[in-house]
Amino acid sequence: MTVESTAARKPRRSSTGGGKRAASAKKAAPQKSTEPELVQLLTPEGKRVKSAENAVYDAYVDGITSEELRGLYRDMVLTRRFDAEATSLQRQGELGLWASLLGQEAAQIGSGRATRDDDYVFPTYREHGVAWCRGVDPTNLLGMFRGVNNGGWDPNSNNFHLYTIVIGSQTLHATGYAMGVAKDGADSAVIAYFGDGASSQGDVAESFTFSAVYNAPVVFFCQNNQWAISEPTEKQTRVPLYQRAQGYGFPGVRIDGNDVLAVLAVTKWALERARTGEGPALIEAFTYRMGAHTTSDDPSKYRNDDERVAWEAKDPILRLRAFLESEGHADEGFFAELDDESEALGKRVREVVRAMPDPDLMAIFENVYADGHALVDEERAQFAAYQASFADAPAGGEVK
């Protein structure tokens, strides 16, 4: 499947000399299609669709059971409930920051459930749904955002790496790990998550190069949620992101990132080909970030409400629920029971976070240098004195 190329044209040079462009020559602008061409197996209205073009992917979900469908729905609902609770906790001063996944549940649950236990996952910092699929307790995700630890889980227990804050660097880690997997002859694959903003990083380009040259068993999963903080995708690329894979020599596929069945099917396909020695693949999950980039961001300053409302009509959870109800895969008892489970999860998350210890304020000075440093010692002493000064302040008064 292809989308019309939007490659840049070279501007004409002015015939008047001086190397200046003619006044009539305009800067080439990327062409935008009204609706991207992508793999979709479940429409926004919850209708199952099949086509000859998508037959290879349909095969991966044709035998899905009612129980498995309910499981996908449960995963998305509970992940959204956890995410909402974390956002509320940050607003109440219990977390320093939070990166919400609101709107991206299908992209994460569908891809996460496509992995096997022996596959290895390299997330960025928003993959709360993938962490859920890998068996990481959601409360463990919150310690870093509260400042009480640097991760909160053992990566090798769930084959799920710690969250990576440095944008795009995890794709290099994933590629290196995948190269090692190939050399070991292991029958497993690696999947690396990143966003549309990270796709502009040099680390991602290097990862594509090395994975292609060494035929590494890695799947690059890009959640294109349309906004890299305040920068729209069209300001970062002149072609659809999935088409970049062609230049490196491996396949790229764009999927409806709000369609959990399409995500599940295409990710299974990509992981299977990686495990069988066919090399890397790029999946672009075309989705939308319904909320803010993080809780320190105000999206109303750079995008309009009409855009958000249009994407709310494509809500991944409502889409799957419509399918479950129309096809008789779930009844009201299931949804009522899930509502109770959802509330119980929110309560547990709230209680666990509030029971966490306060951050160790002096920990910032640890491990700066392997053998210590006089300047760090001096800064530590100054900061300790500053903190101690608050204990000497009168109640309600200022430190003099």
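The values are calculated or read from the model by the stated rules, or taken from the named source; none is laboratory data. Note that the coordinates shown come from a computational prediction; the quantities given were computed from them, not determined experimentally. Reconstructed Cβ throughout: ideal geometry from the backbone, glycine too, with neighbour counts over all protein chains shown. Remember, those area values only see protein heavy atoms, side chains included, never the ligands or the DNA or RNA. Shrake-Rupley method; radii C 1.70, N 1.55, O 1.52, S 1.80 Å.
Given the options Q108, Q170, Q382, state which has the largest fluctuation in a GNM of the chain using a 10 Å cut-off (strictly under) for Cα springs.
Largest GNM mean-square fluctuation: Q382.
Taking a ≥ b ≥ c as the square roots of the Cα gyration tensor eigenvalues, with a/c under 1.5 meaning rounded and otherwise prolate when a/b beats b/c, else oblate, which class fits the stretch 287-338? Each step should come with its number before you reach the end.
Working: a/c = 4.40, a/b = 2.36, b/c = 1.86.
It is prolate, given that a/c is not under 1.5 and a/b is the larger ratio.
Once every Cα of the stretch 168-242 carries one equal point scatterer and solvent is ignored, give the base-10 log of I(q)/I(0) from the Debye formula at q = 0.18 Å⁻¹, two decimals.
The Cα Debye sum returns log10 ratios of -0.68.
Report, in debye and to the nearest 20, how large the dipole of the stretch 71-171 comes out about its Cα centre when Lys and Arg carry +1 and Asp and Glu carry -1 on their Cβ.
Details: 9 positive and 11 negative charges, 49 e Å.
Result for the stretch 71-171 is approximately 240 debye, rounded to the nearest 20.
Quick one: pull the percent of accessible area on the stretch 235-383 belonging to carbon and sulfur, 1.4 Å probe, ligands and nucleic acids left out.
On the way: 3720 of 7530 Å².
On the stretch 235-383, the fraction of accessible area on carbon and sulfur atoms equals 49 percent.
Build a GNM of the chain with springs between Cα atoms under 10 Å: which of K268, K235, K301 gets the top mean-square fluctuation?
K301
Express the carbon and sulfur contribution to the solvent-accessible surface of the stretch 107-215 as a percent, rounded to the nearest whole number, probe 1.4 angstrom. Kindly include the intermediate steps, with their values, before the conclusion.
Working: 1960 of 3970 Å².
It is 49 percent, rounded to a whole number.
Most mobile of A344, A212, A106 per a Gaussian network model of the chain (Cα springs, under 10 Å)?
Highest fluctuation of the listed residues: A344.
For the chain, divide the Cα radius of gyration by the Kirkwood radius and give the resulting Rg/Rh value with two decimals. Walk me through the numbers on the way to the answer.
On the way: Rg = 23.7 Å, Rh = 23.2 Å.
A ratio of 1.02.
Calculate the length of the line joining the C-alpha centroid of the stretch 262-307 to that of the stretch 168-245, in whole Å.
For the stretch 262-307 versus the stretch 168-245, the Cα centre distance is 12 Å.
With Cβ to Cβ distances under 13 Å as the rule, what net charge do the other residues near R81 carry (K, R +1; D, E -1)?
Within the 13 Å Cβ shell, the charges total -3.
With a point put 7 Å past each Cα toward its Cβ, work out how far E206 is from S296 in nm, to one decimal.
Going from the E206 label point to the S296 one covers 2.5 nm.
Taking amide H positions as placed in the peptide plane 1.01 Å from N, state which residues far from W227 in sequence (5 or more) or on other chains have amide H under 5 Å from it.
The answer is R289.
Counting only helical runs of four or more DSSP H residues, what would the 222 nm mean residue ellipticity of the chain come to if each run contributes -39,500 (n - 2.57) and the total is spread over all its residues?
Numbers: 14 runs with 163 residues, N = 400.
Value at 222 nm, helices only: -12500 deg cm²/dmol.
Give the whole-number value, in cubic angstrom per residue, of the convex hull volume spanned by the C-alpha atoms of the stretch 315-363. Write out the running numbers ahead of the final one.
Values: hull volume 5.0 nm³, N = 49.
Looking at the stretch 315-363, the number lands at 102 Å³ per residue.
Sort 329-339, 362-372 by packing, meaning the average of other beta carbons within 10 Å per residue, with the highest value first. Please report the intermediate quantities before stating the final value.
Values: 329-339: 13.2, 362-372: 10.2.
Peptide ranking by packing, descending: 329-339, 362-372.
Given a 1.4 angstrom probe, what's the average accessible area per residue across the stretch 139-206, in square angstrom? Please report the intermediate quantities before stating the final value.
Working: 2720 Å² over 68 residues.
For the stretch 139-206, the per-residue accessible area is 40 Å².
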